[in-house]
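Trainee: Right, I'll just put the structure down here and ask away after.
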Amino acid sequence: MFHLQGPQVLQMLEKSLRKSLPESLKVYGSVFHMNQGNPFKLKALVDKWPDFNTVVIRPQEQEMTDDFDHYTNTYQIYSKHPKNCQEFLGTSDVINWKQHLQIQSSQSSLNEVIQNLGSTKLVKVKQTQRILYVMPETARKLLPSLPETKNLPLKSISPKAINQEMFKLSSLDITHAALVDKFWNFGGNERSQRFIERCIRNFPTVCLLGPEGTPVSWSLVDQTGEMRMGATVPEYRGQGLISHIMRVHTQVLDKLGFPVYNHTDRANKIIRKMSHNMHNISMPCDWNQWNCVPNKL
(Lines give C-alpha, C1' and ligand atoms only; values in the text may rest on other atoms or scores of the structure.)
Protein backbone atom coordinates (compact mmCIF):
# COMPACT_ATOMS: atom_id res chain seq x y z
CA MET A 1 0.00 0.00 0.00
CA PHE A 2 1.22 3.52 -0.87
CA HIS A 3 -0.16 6.71 0.65
CA LEU A 4 0.16 9.39 -2.04
CA GLN A 5 1.05 12.80 -0.64
CA GLY A 6 2.16 16.15 -2.03
CA PRO A 7 0.69 18.28 -4.83
CA GLN A 8 2.92 16.93 -7.59
CA VAL A 9 2.03 13.26 -6.98
CA LEU A 10 -1.69 13.99 -6.50
CA GLN A 11 -1.75 15.97 -9.74
CA MET A 12 -0.15 12.97 -11.46
CA LEU A 13 -2.90 10.77 -10.02
CA GLU A 14 -5.61 13.18 -11.21
CA LYS A 15 -4.14 13.19 -14.72
CA SER A 16 -3.94 9.40 -14.77
CA LEU A 17 -7.54 8.96 -13.56
CA ARG A 18 -8.71 11.33 -16.26
CA LYS A 19 -7.70 8.69 -18.85
CA SER A 20 -10.12 6.20 -17.25
CA LEU A 21 -13.23 8.37 -17.23
CA PRO A 22 -16.15 7.88 -16.85
CA GLU A 23 -15.51 4.72 -14.76
CA SER A 24 -13.09 6.61 -12.50
CA LEU A 25 -15.42 9.60 -12.09
CA LYS A 26 -16.16 9.38 -8.34
CA VAL A 27 -12.46 8.96 -7.56
CA TYR A 28 -11.40 11.57 -10.12
CA GLY A 29 -13.79 14.13 -8.59
CA SER A 30 -12.46 13.38 -5.10
CA VAL A 31 -8.81 13.77 -6.15
CA PHE A 32 -9.74 16.99 -7.98
CA HIS A 33 -11.02 18.41 -4.68
CA MET A 34 -7.91 17.20 -2.87
CA ASN A 35 -5.91 19.26 -5.34
CA GLN A 36 -8.13 22.28 -4.62
CA GLY A 37 -7.23 22.50 -0.94
CA ASN A 38 -8.61 19.17 0.33
CA PRO A 39 -11.32 20.69 2.59
CA PHE A 40 -12.60 17.24 3.63
CA LYS A 41 -9.10 16.09 4.67
CA LEU A 42 -9.05 13.06 2.37
CA LYS A 43 -6.13 10.73 1.64
CA ALA A 44 -5.29 8.71 -1.47
CA LEU A 45 -4.14 5.08 -1.22
CA VAL A 46 -2.92 2.92 -4.11
CA ASP A 47 -1.76 -0.68 -4.28
CA LYS A 48 1.40 0.35 -6.18
CA TRP A 49 2.86 3.47 -7.73
CA PRO A 50 3.01 4.81 -10.36
CA ASP A 51 1.58 1.82 -12.24
CA PHE A 52 -1.41 1.36 -9.89
CA ASN A 53 -4.27 -1.06 -10.27
CA THR A 54 -6.57 0.24 -7.53
CA VAL A 55 -7.11 3.67 -5.93
CA VAL A 56 -9.00 4.24 -2.68
CA ILE A 57 -9.87 7.74 -1.46
CA ARG A 58 -10.82 7.89 2.19
CA PRO A 59 -10.81 10.35 5.11
CA GLN A 60 -7.75 10.60 7.29
CA GLU A 61 -8.01 8.44 10.43
CA GLN A 62 -8.51 11.40 12.78
CA GLU A 63 -11.68 12.32 10.85
CA MET A 64 -13.25 8.87 11.35
CA THR A 65 -13.86 8.95 15.10
CA ASP A 66 -17.56 8.00 14.99
CA ASP A 67 -17.95 4.30 14.16
CA PHE A 68 -21.60 4.86 13.19
CA ASP A 69 -21.12 7.89 10.89
CA HIS A 70 -21.14 6.35 7.42
CA TYR A 71 -21.48 9.85 5.86
CA THR A 72 -17.95 10.64 7.07
CA ASN A 73 -16.69 7.04 6.79
CA THR A 74 -17.03 7.07 3.00
CA TYR A 75 -14.59 5.50 0.54
CA GLN A 76 -14.35 6.14 -3.21
CA ILE A 77 -12.83 3.30 -5.24
CA TYR A 78 -11.59 2.85 -8.79
CA SER A 79 -9.82 -0.27 -10.05
CA LYS A 80 -8.40 -1.01 -13.49
CA HIS A 81 -8.96 -4.72 -12.81
CA PRO A 82 -11.82 -5.01 -10.29
CA LYS A 83 -11.52 -8.79 -9.94
CA ASN A 84 -7.91 -8.41 -8.77
CA CYS A 85 -8.42 -5.86 -5.99
CA GLN A 86 -10.03 -7.96 -3.24
CA GLU A 87 -6.81 -8.54 -1.30
CA PHE A 88 -5.96 -4.82 -1.32
CA LEU A 89 -9.47 -3.74 -0.27
CA GLY A 90 -9.53 -6.39 2.46
CA THR A 91 -6.56 -4.82 4.24
CA SER A 92 -7.57 -3.06 7.47
CA ASP A 93 -5.14 -0.20 6.72
CA VAL A 94 -7.15 0.53 3.56
CA ILE A 95 -10.76 0.08 4.75
CA ASN A 96 -11.85 -0.06 8.39
CA TRP A 97 -14.43 -2.84 8.11
CA LYS A 98 -15.26 -2.53 11.83
CA GLN A 99 -17.14 0.76 11.23
CA HIS A 100 -20.41 1.62 9.55
CA LEU A 101 -19.23 2.84 6.15
CA GLN A 102 -20.12 3.67 2.57
CA ILE A 103 -18.25 2.74 -0.59
CA GLN A 104 -18.91 4.76 -3.74
CA SER A 105 -17.80 3.97 -7.26
CA SER A 106 -18.78 4.36 -10.91
CA GLN A 107 -17.97 0.65 -11.37
CA SER A 108 -20.77 -1.82 -10.76
CA SER A 109 -18.16 -4.52 -11.52
CA LEU A 110 -16.85 -4.00 -7.97
CA ASN A 111 -20.05 -5.45 -6.54
CA GLU A 112 -18.84 -9.06 -6.47
CA VAL A 113 -15.61 -8.11 -4.67
CA ILE A 114 -17.41 -5.95 -2.11
CA GLN A 115 -20.04 -8.62 -1.45
CA ASN A 116 -17.28 -11.23 -1.02
CA LEU A 117 -15.46 -8.97 1.43
CA GLY A 118 -18.73 -8.40 3.29
CA SER A 119 -19.07 -12.16 3.80
CA THR A 120 -15.43 -12.52 4.88
CA LYS A 121 -15.50 -9.54 7.26
CA LEU A 122 -18.96 -10.38 8.68
CA VAL A 123 -20.45 -7.18 7.27
CA LYS A 124 -23.95 -6.64 5.84
CA VAL A 125 -23.70 -5.00 2.41
CA LYS A 126 -26.53 -3.15 0.64
CA GLN A 127 -25.94 -1.85 -2.89
CA THR A 128 -27.73 1.18 -4.33
CA GLN A 129 -27.45 1.73 -8.07
CA ARG A 130 -28.52 4.86 -9.95
CA ILE A 131 -28.15 6.53 -13.34
CA LEU A 132 -24.97 8.61 -13.58
CA TYR A 133 -25.24 11.90 -15.51
CA VAL A 134 -22.48 14.23 -16.64
CA MET A 135 -23.30 17.84 -17.53
CA PRO A 136 -22.56 18.96 -21.13
CA GLU A 137 -19.78 21.37 -20.11
CA THR A 138 -17.88 18.64 -18.28
CA ALA A 139 -18.52 16.08 -21.02
CA ARG A 140 -16.97 18.39 -23.62
CA LYS A 141 -13.86 18.87 -21.49
CA LEU A 142 -13.37 15.39 -20.03
CA LEU A 143 -15.25 12.99 -22.33
CA PRO A 144 -14.92 14.37 -25.88
CA SER A 145 -14.73 10.89 -27.44
CA LEU A 146 -18.17 9.75 -26.23
CA PRO A 147 -20.66 9.63 -29.14
CA GLU A 148 -23.22 11.49 -27.02
CA THR A 149 -20.73 14.31 -26.44
CA LYS A 150 -20.09 14.67 -30.15
CA ASN A 151 -23.83 15.07 -30.74
CA LEU A 152 -24.31 17.80 -28.13
CA PRO A 153 -25.75 21.09 -29.43
CA LEU A 154 -23.13 23.83 -29.67
CA LYS A 155 -25.11 26.21 -27.50
CA SER A 156 -26.17 25.28 -23.97
CA ILE A 157 -29.84 25.75 -23.26
CA SER A 158 -31.05 28.61 -21.08
CA PRO A 159 -33.05 27.71 -18.01
CA LYS A 160 -36.76 28.36 -17.95
CA ALA A 161 -37.52 31.92 -16.87
CA ILE A 162 -38.65 32.27 -13.28
CA ASN A 163 -40.55 35.01 -11.46
CA GLN A 164 -37.67 37.17 -10.26
CA GLU A 165 -39.97 39.27 -8.08
CA MET A 166 -41.02 36.15 -6.16
CA PHE A 167 -37.68 34.28 -6.12
CA LYS A 168 -34.24 35.61 -5.26
CA LEU A 169 -31.05 33.79 -6.27
CA SER A 170 -28.78 33.20 -3.28
CA SER A 171 -26.55 30.63 -1.60
CA LEU A 172 -27.19 28.36 1.36
CA ASP A 173 -25.79 28.85 4.84
CA ILE A 174 -25.46 26.24 7.58
CA THR A 175 -28.76 27.32 9.19
CA HIS A 176 -30.46 25.82 6.10
CA ALA A 177 -28.91 22.37 6.63
CA ALA A 178 -31.94 20.98 8.51
CA LEU A 179 -34.24 21.94 5.62
CA VAL A 180 -31.93 20.35 3.04
CA ASP A 181 -31.63 17.21 5.17
CA LYS A 182 -35.41 16.91 5.45
CA PHE A 183 -35.72 16.41 1.68
CA TRP A 184 -32.61 14.29 1.09
CA ASN A 185 -33.40 10.62 0.38
CA PHE A 186 -30.17 9.49 2.06
CA GLY A 187 -30.57 11.81 5.06
CA GLY A 188 -33.00 12.41 7.87
CA ASN A 189 -30.74 12.14 10.91
CA GLU A 190 -28.23 14.09 12.99
CA ARG A 191 -25.17 12.71 11.19
CA SER A 192 -26.52 13.46 7.72
CA GLN A 193 -27.29 17.02 8.80
CA ARG A 194 -23.71 17.47 10.02
CA PHE A 195 -22.49 16.18 6.65
CA ILE A 196 -24.70 18.69 4.83
CA GLU A 197 -23.42 21.52 7.05
CA ARG A 198 -19.88 20.54 6.09
CA CYS A 199 -20.72 20.58 2.37
CA ILE A 200 -22.39 24.00 2.68
CA ARG A 201 -19.36 25.34 4.56
CA ASN A 202 -16.78 24.12 2.03
CA PHE A 203 -18.31 24.14 -1.46
CA PRO A 204 -20.32 26.55 -3.67
CA THR A 205 -24.09 26.24 -3.22
CA VAL A 206 -27.02 27.81 -5.06
CA CYS A 207 -30.58 28.32 -3.87
CA LEU A 208 -33.70 30.32 -4.59
CA LEU A 209 -35.24 32.20 -1.68
CA GLY A 210 -39.03 32.37 -1.68
CA PRO A 211 -41.30 35.24 -0.59
CA GLU A 212 -40.71 34.32 3.07
CA GLY A 213 -36.94 34.66 2.62
CA THR A 214 -36.25 30.94 3.10
CA PRO A 215 -34.88 28.51 0.47
CA VAL A 216 -37.52 26.87 -1.72
CA SER A 217 -35.10 25.15 -4.14
CA TRP A 218 -31.38 24.34 -3.85
CA SER A 219 -28.32 22.43 -5.06
CA LEU A 220 -25.14 21.34 -3.22
CA VAL A 221 -21.84 19.65 -4.02
CA ASP A 222 -20.20 16.88 -1.99
CA GLN A 223 -16.52 16.00 -1.48
CA THR A 224 -16.44 14.01 -4.74
CA GLY A 225 -17.53 17.01 -6.83
CA GLU A 226 -21.00 15.56 -7.38
CA MET A 227 -24.08 17.79 -7.34
CA ARG A 228 -26.26 16.19 -4.66
CA MET A 229 -29.09 16.84 -2.22
CA GLY A 230 -30.91 19.13 -4.68
CA ALA A 231 -34.63 19.58 -4.09
CA THR A 232 -37.63 21.91 -4.25
CA VAL A 233 -40.13 22.15 -1.40
CA PRO A 234 -43.48 20.59 -2.42
CA GLU A 235 -45.55 23.78 -2.62
CA TYR A 236 -43.20 25.28 -5.25
CA ARG A 237 -42.72 22.22 -7.47
CA GLY A 238 -43.75 22.19 -11.13
CA GLN A 239 -42.41 25.71 -11.81
CA GLY A 240 -39.03 24.73 -13.26
CA LEU A 241 -37.10 25.95 -10.20
CA ILE A 242 -34.77 22.95 -9.86
CA SER A 243 -33.75 23.06 -13.53
CA HIS A 244 -33.02 26.80 -13.13
CA ILE A 245 -30.97 26.08 -10.00
CA MET A 246 -29.03 23.26 -11.65
CA ARG A 247 -28.21 25.37 -14.71
CA VAL A 248 -26.94 28.26 -12.55
CA HIS A 249 -24.99 25.91 -10.26
CA THR A 250 -23.44 24.12 -13.24
CA GLN A 251 -22.23 27.46 -14.63
CA VAL A 252 -20.71 28.42 -11.25
CA LEU A 253 -18.91 25.09 -10.87
CA ASP A 254 -17.77 25.00 -14.49
CA LYS A 255 -16.09 28.42 -14.13
CA LEU A 256 -14.15 26.98 -11.17
CA GLY A 257 -13.05 24.01 -13.29
CA PHE A 258 -15.04 21.45 -11.26
CA PRO A 259 -16.18 18.22 -12.91
CA VAL A 260 -19.98 18.54 -12.83
CA TYR A 261 -22.13 15.43 -12.56
CA ASN A 262 -25.00 13.92 -10.60
CA HIS A 263 -27.16 10.82 -10.27
CA THR A 264 -30.83 9.97 -10.10
CA ASP A 265 -33.03 6.99 -9.36
CA ARG A 266 -34.27 5.16 -12.47
CA ALA A 267 -37.81 5.54 -11.14
CA ASN A 268 -37.53 9.35 -10.92
CA LYS A 269 -39.07 10.19 -14.30
CA ILE A 270 -39.30 13.92 -13.55
CA ILE A 271 -35.55 14.34 -12.99
CA ARG A 272 -34.76 12.02 -15.89
CA LYS A 273 -36.88 14.15 -18.22
CA MET A 274 -35.28 17.33 -16.87
CA SER A 275 -31.80 15.84 -17.39
CA HIS A 276 -32.71 14.96 -20.98
CA ASN A 277 -34.01 18.50 -21.62
CA MET A 278 -30.77 19.97 -20.20
CA HIS A 279 -28.70 17.66 -22.47
CA ASN A 280 -27.07 15.97 -19.48
CA ILE A 281 -25.42 12.79 -20.73
CA SER A 282 -26.31 9.43 -19.23
CA MET A 283 -23.05 7.54 -18.71
CA PRO A 284 -22.44 3.96 -19.89
CA CYS A 285 -21.49 3.13 -16.27
CA ASP A 286 -23.66 3.47 -13.16
CA TRP A 287 -23.53 5.42 -9.91
CA ASN A 288 -23.03 2.87 -7.13
CA GLN A 289 -23.06 3.06 -3.36
CA TRP A 290 -22.57 0.16 -0.96
CA ASN A 291 -23.69 0.66 2.65
CA CYS A 292 -21.71 -1.66 4.92
CA VAL A 293 -22.73 -2.46 8.49
CA PRO A 294 -20.69 -4.80 10.74
CA ASN A 295 -22.75 -7.63 12.23
CA LYS A 296 -21.22 -6.82 15.61
CA LEU A 297 -19.80 -3.50 16.75
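The values are calculated or read from the model by the stated rules, or taken from the named source; none is laboratory data. These numbers come from a predicted model, not from an experiment. Note: ideal-geometry Cβ built from the backbone for every residue, glycine included; neighbour counts use all protein chains shown. Calculation scope for accessible area: heavy atoms of the full protein, side chains included, ligands and nucleic acids excluded. Shrake-Rupley method; radii C 1.70, N 1.55, O 1.52, S 1.80 Å.
Trainee: Leaving out ligands, DNA and RNA but keeping every protein chain, what accessible area does W287 have, in Å² rounded to the nearest 10, with a 1.4 Å probe?
Mentor: Only protein atoms counted, so the area is about 0 Å².
Trainee: Please name whichever of T120, S24, T54 sits farthest to the positive end of the charge dipole of the chain, dipole taken about the Cα centre and charges placed at Cβ: Lys and Arg +1, Asp and Glu -1.
Mentor: S24
Trainee: For the chain, what is the Kirkwood hydrodynamic radius in Å, using each pair of distinct C-alpha atoms?
Mentor: On the way: mean 1/r = 0.0506 Å⁻¹.
Mean inverse Cα-Cα distance, inverted, gives 19.8 Å.
Trainee: Give the long-range amide H neighbours of R228: residues separated by 5 or more places, or on another chain, with amide H under 5 Å away, using H modelled in the peptide plane at 1.01 Å from N.
Mentor: For R228, the qualifying residues are L220, V221, D222.
Trainee: Of the cross-linked pairs K41/K273; K126/K150; K41/K98; K80/K296; K15/K126; K15/K150, which ones have a Cα-Cα span greater than 27 Å in the structure shown?
Mentor: Violating the 27 Å limit, Cα to Cα: K41/K273; K126/K150; K80/K296; K15/K126.
Trainee: About its Cα centre, how strong a charge dipole does the chain have in debye, to the nearest 20, once Lys and Arg get +1 and Asp and Glu get -1 at the Cβ?
Mentor: For this selection, approximately 660 debye.
Trainee: Another question about this same structure. For the full complex of protein chains and a 1.4 angstrom probe, list V248, V27 by accessible area with the highest value first.
Mentor: V248, V27
Trainee: Please express the shape of the stretch 169-223 as an equivalent ellipsoid: the semi-axes are the square roots of 5 times the eigenvalues of the C-alpha gyration tensor, given largest first in whole angstrom.
Mentor: So the equivalent ellipsoid measures 18, 13, 9 Å along its semi-axes.
Trainee: So what's the back-of-envelope 222 nm ellipticity for the chain, counting only DSSP H runs of four-plus at -39500 (n - 2.57) apiece and dividing by all residues, rounded to 500?
Mentor: Only helices count here, giving -8500 deg cm²/dmol.
Trainee: While we're looking at this one, here's another question. Could you sort I242, I270, I103 by accessible area so the largest value comes first, with the probe set to 1.4 Å?
Mentor: On the way: I242 35, I270 135, I103 0 Å².
Descending order: I270, I242, I103.
Trainee: Equivalent-ellipsoid semi-axes (√(5λ), Cα gyration tensor) for the stretch 198-255, whole Å, largest first?
Mentor: Working: eigenvalues 79, 30, 19 Å².
Each semi-axis is √(5λ); the values are 20, 12, 10 Å.
Trainee: Right, here's the next one. Please give the length that would be gained between R237 and L169 if that part of the chain were fully extended, namely 0.36 nm times their separation in residues minus their C-alpha to C-alpha distance (nm, one decimal). The partial results should precede the final answer.
Mentor: Numbers: separation 68, 0.36 × 68 = 24.48 nm, distance 1.65 nm.
Length difference between fully extended and current span is 22.8 nm.
Trainee: Just to confirm the filter: which GluC sites (Glu not before Pro) across the stretch 172-273 are DSSP coil and have at most 11 other Cβ within 10 angstrom of their Cβ?
Mentor: Sparse-neighbourhood loop GluC sites (Glu not before Pro): E212.
Trainee: Shifting gears a bit: Defining a contact as two alpha carbons under 8 Å apart and six or more residues distant in sequence, what relative contact order in percent does the stretch 157-278 show? Write out the running numbers ahead of the final one.
Mentor: On the way: 170 pairs, mean separation 29.1, N = 122.
Worked out over the stretch 157-278, it gives 24 percent.
Trainee: Find out how many positive minus negative residues lie around N116, taking Lys and Arg as positive, Asp and Glu as negative, among other residues whose Cβ is under 12 Å from that of N116. Please report the intermediate quantities before stating the final value.
Mentor: On the way: positive: K83, K121; negative: E87, E112.
Charge balance in the 12 Å sphere: 0.
Trainee: Accessible area of R18, 1.4 Å probe, to the nearest 10 Å²?
Mentor: Probe radius 1.4 Å; accessible area of R18 about 110 Å².
Trainee: What ³J(HN,Hα) values, in whole Hz, does the Karplus curve 6.51 cos²θ - 1.76 cosθ + 1.60 give for the stretch 120-134 when θ = phi - 60°, with x put for Gly and Pro?
Mentor: Karplus values, whole Hz, x for Gly and Pro: 5, 8, 6, 10, 7, 10, 10, 8, 10, 10, 9, 6, 9, 10, 10.
Trainee: Shifting gears a bit: Got a sec? Which residues in the stretch 121-139 would a label at N295 touch, if it sits 7 Å along Cα→Cβ and we count backbone N under 16 Å?
Mentor: Answer for the stretch 121-139: 121-126.
Trainee: Another question about this same structure. Return a whole-number percent for the relative contact order of the chain, with Cα pairs under 8 Å and 6 or more residues apart as the contact set.
Mentor: 24 percent
Trainee: Relative to the present Cα-Cα distance, how much length would full extension add between W49 and D66 at 0.36 nm per residue of separation?
Mentor: 3.0 nm
Trainee: From the Cα trace of the stretch 69-118, what convex hull volume per residue do you get, rounded to a whole Å³? Numbers along the way, then the final one.
Mentor: Details: hull volume 3.7 nm³, N = 50.
Hull volume over Cα atoms, normalised by residue count, gives 73 Å³.
Trainee: What residue among A139, V206, M1 has its Cα farthest toward the positive end of the dipole of the chain, where the charges are +1 on Lys, Arg and -1 on Asp, Glu, each on the Cβ?
Mentor: About the Cα centre, the residue reaching furthest to the positive side is A139.
Trainee: Can you compute the modelled spin-label distance between S108 and L122, with each label point 7 Å from Cα toward Cβ, in nm?
Mentor: It is 3.3 nm.
Trainee: I've got another one for you. Report the extension gain between N151 and F186 in nm, rounded to one decimal, defined as 0.36 nm multiplied by the number of residues separating them, less their alpha carbon distance.
Mentor: Using 0.36 nm per residue and subtracting the Cα-Cα distance, I get 9.2 nm.
Trainee: Among S217, G238, T264, flag the residue with its Cα farthest along the positive direction of the charge dipole of the stretch 157-278, charges on Cβ as +1 for Lys/Arg and -1 for Asp/Glu.
Mentor: Looking along the dipole axis, the top candidate is T264.
Trainee: To the nearest Å, what is the center-to-center distance of the stretch 189-227 and the stretch 37-98, using C-alpha atoms only?
Mentor: 25 Å
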